[in-house]
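Right, one structure below, let's go through it.
The values are calculated or read from the model by the stated rules, or taken from the named source; none is laboratory data. Computed from a predicted structure; not experimentally measured. Counting neighbours? That spans all protein chains shown, and the Cβs are built from the backbone with ideal geometry, glycine included. With ligands, DNA and RNA removed, areas are computed over all heavy atoms of the protein, side chains included. Shrake-Rupley method; radii C 1.70, N 1.55, O 1.52, S 1.80 Å.
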Amino acid sequence: MNAHGKFLDQNVDWTYLEAVPQALSDGQFSPLVFRQVLDRGSELLKDRFVADEAIEYLVRDRAQLVDVALRAAWVRHAGKFADDLALVAVGGYGRGELHPSSDIDIMVLLPKSDSADWQPDIERFLTFLWDIGLEVGHSVRSIDDCQRESLADISVATTLFEARLLAGPESLFAGMRRALAPDRLWSSQDFFEAKVREQTERHHRYFDTAYNLEPNVKSSPGGLRDIQTIGWVAKRHFGTDTLDELVAHGFLTREELRNLKAGQSFLWKVRFGLHVLTGRREDRLLFDYQIKLAKLFGYEDASFTLAVEQLMQKYYRTVMDISLLNEMLLQLFREAILTQSAPPLPINARFQIRNDYLEVTHPEVFARYPSALLEMFVLLQQHPELHGVRAETIRLIGTHVWLIDEEFRQNPRHHRLFMEILCAPVGVTHELRRMNLYGVLGRYIPSFGRVVGRMQYDLFHAYTVDAHTLFVVSNLRRMAMPKFNDELPALSQIMQSLPRQELAYLAALFHDIAKGRGGDHSELGAVDAEAFCLEQGLGRYEARLVAWLVKNHLILSITSQKKDISDPDIIHDFARRVGDQTHLDYLYVLTVADVRGTNPKLWNAWKARLFEEFYERTKRALRRGLETPIDQEELIRETQAQARAKMPDVPDALVDQVWAQWTETYFLRYTPEEIAWHTTLLAPRHPQDDALLVAIRQLTDRGGTAVLTYTPRRLRSFARSTAVLDQMGLNVVDARLISSANGFSLETYVVLEDNGTVITDPARIQEIERGLWRALRSAADLPLTVTRRAPRQVRMFTTPTQVNFSVDSRSERTILELIAADRPGLLSEVGKVFRAERVAINGAKIMTVGERAEDVFYITGADGGLLPQETCRRVADALVLALDRRDVSRT
């Protein structure tokens, strides 16, 4: 120990701290001196952090550095009250743990007195702390105040339970401790229940998952707050001051203590690094900082894994370990604090129920009967009334999970147990998640173990691979259970009619299992899936079906979003690839479960209707037979008949007049509902009327809003319309453009609000109409720009622009596929390039994949026909120049 506290590193030159008390003795009590000392100390701590010194010393030395400054300032300002008032550190500072920008919470503890003579001195003390750069959170309380406010608020009580005396009378501080003792307020039982409830509510705020891609290192599940919860409960009931003491009390083994302290040290290191990087209190591990931290910690890019992905996998595996230890310790505390142990209720020779938890009958059960490592989860499914697995048994799982080796995986009994878990009527997702948390799932399926905690550094995937996979299984289970039929009625009916639902769960488990290996993860995962299914005793047909689903799990989503599904050839080709109704049904439910489990922002009513429409069209093609594809003329006749039926009040002569301006392509591209809407709008117009038309309607059955413009044909309208829509914060999900025989251009856009919701406000609809009117009636050469900024997360990524061309020979149009960084104004920039190169747009399929736009444009020359190769080259060069330049400028 030295003069400044027991934690200050003896190997570091801390002599500069003497400047503070020396300044006092010399009468040079200057804020500048304090600032210099604190700045010097902060810089030294940063240097030690960069040098990879043990983080435990750094967080405690930071607290001791602040102690020195506060005590010196207190001595100067408390004056004659120094012997009567107490300066107390509370909260994290009370624990003696501070990160560079952590909250510094202090309390001035008052004796019982009606006098307020101390107030001016304390105000000067607090003002001085601000002057020297310490932003403290402060309170002034008497002992009675402490007791009253602690009774009213568990958060206040918790901060005061961690109080540490900095200066002042020890007797006053001891009196506060006695007033806050468990026999006065917040008994061990009440405190335990309140802190568990508080933790549960906090986990709910983070969607009960530690695997969000931008986690909060302090408050997310498995974060530092979960460790603190353990410490608070232990301190309140057992009087422990450190985690080490839990070993002596029999709640932790030494190995578990090492794991818990290692996890705490890693999270401390991440949090300390966040504060160093940002210069402020920042506990969110945002994309902006993940790359910088990975570099700071010495991670390097590998062949198939980025440095940042390695860092985040370490993070996610750490919080998984902490979550498990937190679950186990809180259960042990519950038994010690609340529960009167009841006699065990036997289930079989290996397992019994105690206090509503499942436990082994003997510590040697797993060693003697390794199959019990899987049997346990079957029993939990059979006994849904149980709260979980008893802590001692969780501990035994951890020490015996190594028994799940290749011999274990080849045992037919174990195959039957695993399939029994998947086929259970209840608890499938719950037990798969528990298997993952306990490390059993990753041992039984080694390739799954390799993706545990694996992130993908993009904005498309909101969760780690393992968390996403189990979300997909959960989504499938909800479709399979009648009590959730109201969520997705049609899909639930399909799922519940599948001959073997467990095949869909197996496909979900394997669909992303090969992420991070290099190569096509769908093809690699299909190989793993087929081999695993055959090992589990499935027939060759079932194994191949699961493998086919894994290999093709993206095709329904990609085809519906990037191709023209109004084209009968597209539908026929897809139906041929699917082969039969059974494959289509399995693929449909898997696709929806996958998209809904990838990112909560991806799924919306528009996408749901798009997938449903594609499914129904493919189903119809399969019913007709792959050798008898639907005839184009027959489809046009059906569409026209259905459209006429939807507008009985419009005379046939007017309908014929409007339809005379359209080619056959129009009736293939639009639905009967859309054609009826267009015709109703255009029928009252005189054929020579050249006024522009703007109309908007809700697509109730499609989950979007249709925006229509009908203007004299000109190549600039797409750029202008999309600029207006984008500037208003609207997301264009579909665009179709077609030219009429009388020189007009009909453009229809389907839009959603930027958050994916449908536009419902009438004032908002009027705003869109007015904006389009102004833009389309303005001077032709007046430029329109989108000034809305890209979101913070999107700006973190750079996506080089890629342009590819293909040919749609039947429709005599060129297909341009564009991959570029998503940003406001992208479609407008594309439209400007098309206008400059005299390219006409027939349609566009708009698809956003996280930070990346993957759009498809159906284009022709200004007078129709395929684009010449030279024009394609110029368009590609112009797009790359325009979009990559804009991508650089926005960063």
Could you tell me the distance between the Cα centroids of segment 106-135 and segment 302-376, to the nearest Å? 49 Å
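How do Arg477, Arg60 stack up against each other in accessible area, from largest to smallest, with a 1.4 angstrom probe? Mind showing how you got there, number by number?
Details: Arg477 20, Arg60 55 Å².
These residues rank, largest area first, as Arg60, Arg477.
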Calculate the dipole size of segment 598-728 relative to its Cα centre from +1 charges on Lys and Arg beta carbons and -1 charges on Asp and Glu beta carbons; express the result in debye to the nearest 20. 580 debye
Ignoring ligands and nucleic acids, what accessible area does Cys423 show with a 1.4 Å probe (Å², nearest 10)? 70 Å²
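Taking the highest mean first, how do the peptides 361-370, 649-658 order by number of other beta carbon atoms within 10 angstrom per residue? Please report the intermediate quantities before stating the final value.
Details: 361-370: 15.2, 649-658: 13.0.
Those peptides, ordered most packed to least, come out 361-370, 649-658.
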Which far-off residues, 5 or more places away or on another chain, put their amide H under 5 Å from the one on Glu162, with H placed in the peptide plane? Gly91
Report, ordered by chain and residue number, the aspartates and glutamates lying within cross-link reach of Lys551, taken as a straight Cα distance under 15 Å and ignoring same-chain residues fewer than 8 apart. Asp512, Asp520, Glu523, Asp528, Glu530, Glu542, Asp594
For Leu172, what accessible area in Å² do you get when you roll a 1.4 Å probe over the heavy atoms of the protein chains, rounding to the nearest 10? 20 Å²
Using a 1.4 Å probe over the heavy atoms of the protein chains, calculate the carbon and sulfur portion of the accessible area of segment 519-580 as a whole percent. 50 percent
Residue by residue through segment 462-468, what is 3J(HN,Hα) from phi via Karplus (6.51 cos²θ - 1.76 cosθ + 1.60, θ = phi - 60°)? Round to whole Hz and write x for glycine and proline. 7, 10, 5, 4, 5, 5, 4
What is the calculated FRET efficiency for Ser303 to Ala645, with r their C-beta to C-beta distance and R₀ = 51 Å, to the nearest 0.05? 0.25
For the chain, what's the relative contact order in percent, using C-alpha pairs closer than 8 Å and at least 6 residues apart? 6 percent
In terms of the Cα gyration tensor, with a ≥ b ≥ c the square roots of its eigenvalues, is segment 85-150 rounded because a/c is under 1.5, prolate because a/b exceeds b/c, or oblate? oblate
Amide H to amide H under 5 Å from Ala167: which residues, 5+ apart in sequence or cross-chain, H placed 1.01 Å off N in plane? Leu87
With everything on Cα atoms, drop me the angle between helix 254-278 and the longest principal axis of the chain, reported from 0 to 90° to the nearest 10. 70 degrees
Would you please put 468-476, 244-252, 68-76 in order of how densely packed they are, using the mean number of other Cβ atoms within 10 angstrom per residue and starting with the highest? 468-476, 68-76, 244-252
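Averaged across orientations, what area in nm² does the convex hull of the alpha carbons in the chain project? Each step should come with its number before you reach the end.
Values: hull surface 180.3 nm².
If I average the Cα hull's projected area over directions, I get 45.1 nm².
Any chance you could run the full-extension gain for Asn742 through Asp83? It's 0.36 nm times the residue separation minus the Cα-Cα distance, nm to one decimal.
Values: separation 659, 0.36 × 659 = 237.24 nm, distance 9.55 nm.
That works out to 227.7 nm of additional length.
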With a point put 7 Å past each Cα toward its Cβ, work out how far Val196 is from Asn348 in nm, to one decimal. 2.9 nm
With the crude spin-label approximation of a point 7 Å out along Cα→Cβ, what separation in nm comes out for Asp690 versus Asp356? 7.9 nm
As a test of the definition: which semi-axes, in Å, follow for segment 370-421 when you take the square root of five times each eigenvalue of its alpha carbon gyration tensor? Largest first, please. 20, 16, 5
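Using a 1.4 angstrom probe with every protein chain in place, what is the largest-first accessible-area order of His511, His138? Write out the running numbers ahead of the final one.
Working: His511 0, His138 100 Å².
Reading off the accessible areas and sorting them downward yields His138, His511.
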In nm, give the distance between the simple-model label positions of Glu245 and Gln189, each being 7 Å from the Cα along the Cα-to-Cβ direction. 2.3 nm
Could you tell me the calculated FRET efficiency between Leu386 and Thr278, based on Cβ-Cβ distance and R0 = 45 angstrom, to the nearest 0.05? 0.50
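Averaged per residue, what accessible area in Å² does the chain show with a 1.4 Å probe, protein chains only? Kindly include the intermediate steps, with their values, before the conclusion.
On the way: 38150 Å² over 891 residues.
Using a 1.4 Å probe on heavy atoms only, each residue of the chain averages 43 Å².
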Which distance in Å, rounded to a whole number, links the C-alpha centroids of segment 519-593 and segment 739-767? 34 Å
Distance between Cα centroids, segment 814-880 to segment 195-260: provide it in whole Å. 53 Å
Please turn the phi angles of segment 487-492 into ³J(HN,Hα) values with the Karplus equation 6.51 cos²θ - 1.76 cosθ + 1.60 (θ = phi - 60°), one per residue in order, whole Hz, x for glycine and proline. 6, 9, x, 5, 5, 4
In terms of Cα to Cα distance under 26 Å, which lysines are near enough to Lys646, apart from those fewer than 8 places away along the same chain? Lys607, Lys619
With axes computed from alpha carbons, what is the tilt in degrees of helix 540-551 against the longest principal axis of the chain, rounded to the nearest 10 within 0 to 90? 80 degrees
Can you find, among Ala504, Ile759, Ile227, the residue sitting farthest towards the positive end of the charge dipole of the chain, where Lys and Arg contribute +1 and Asp and Glu -1 at Cβ? Ile759
At a Cα cut-off below 22 Å, give the lysines reachable from Lys218, other chains included and same-chain residues fewer than 8 away excluded. Lys46, Lys195, Lys235, Lys261, Lys269, Lys292, Lys295, Lys314
Quick one: angle between helix 170-179 and the longest Cα principal axis of the chain, in degrees between 0 and 90, rounded to 10, please. 60 degrees
